[in-house]
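Report on the structure given below.
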Amino acid sequence: MPLKPPYEACREKECRVNKYSFVTFEQNKYSVPDHLVGRFVNSRIYSDYIKIYYNDELVAKHQRIYEVHKCSIEIEHYLLTLKRKPGALKNP
């Protein structure tokens, strides 16, 4: 008897990374590594979290947000930008 393929209880969506290094799902924004700006990524949306893949490689995982107009940010996703603009985090 052949094995059944694995089944994941998730929704899949292709998203384009915006200029701020976010993908949007249901009016919420989730950060991805900044080198992916302008590229298309694949998102797998589960009930509790979201996994984001680029070329079949997991690049981000976030707790899913059920409110609206909220952001989930991982500062590690902005390391390339912070190296180029080291003053971006300074207090005014």
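A few comments on the model shown:
- Against the numbered list (1) in contact (Cβ under 8 Å) with a residue 40 or more places away in the chain; (2) out of contact with any Pro (no Cβ under 9 Å at 6 or more places or on another chain); (3) at negative phi, H69 comes up short only at (3).
- Scanning the stretch 18-74 for residues being closer than 29 Å to Y7 by Cβ and in contact with a helix residue (DSSP H, G or I) (Cβ under 8 Å, 6 or more places away or on another chain) gives a total of 6.
- Every test in (1) part of a strand (DSSP E or B); (2) out of contact with any Asp or Glu (no Cβ under 9 Å at 6 or more places or on another chain); (3) open to solvent by 70 Å² or more (accessible area, probe 1.4 Å) is passed by A9 save one, and that test is (1).
- For the residues V59, V23, the requirement of being assigned to a strand (DSSP E or B), open to solvent by 20 Å² or more (accessible area, probe 1.4 Å) and of a type in the set (A, V, I, L, M) singles out V59.
- Options V68, V37: the member that is open to solvent by 40 Å² or more (accessible area, probe 1.4 Å), among the β-branched types (V, I, T) and over 17 Å from R16 (Cα atoms): V68
- Pair list, Cβ < 9 Å and 6+ apart or interchain, from the stretch 1-22 residues that are closer than 14 Å to K51 by Cβ to residues that are open to solvent by 100 Å² or more (accessible area, probe 1.4 Å): E14/F40; C15/F40
The values are calculated or read from the model by the stated rules, or taken from the named source; none is laboratory data. All figures in this text were calculated on a predicted structure; none of them were measured in a lab. Backbone-built Cβ (ideal geometry, glycine too); neighbour counts: all protein chains shown. Surface accessibility is based on the protein's heavy atoms, side chains included, excluding ligands, DNA and RNA. Shrake-Rupley method; radii C 1.70, N 1.55, O 1.52, S 1.80 Å.
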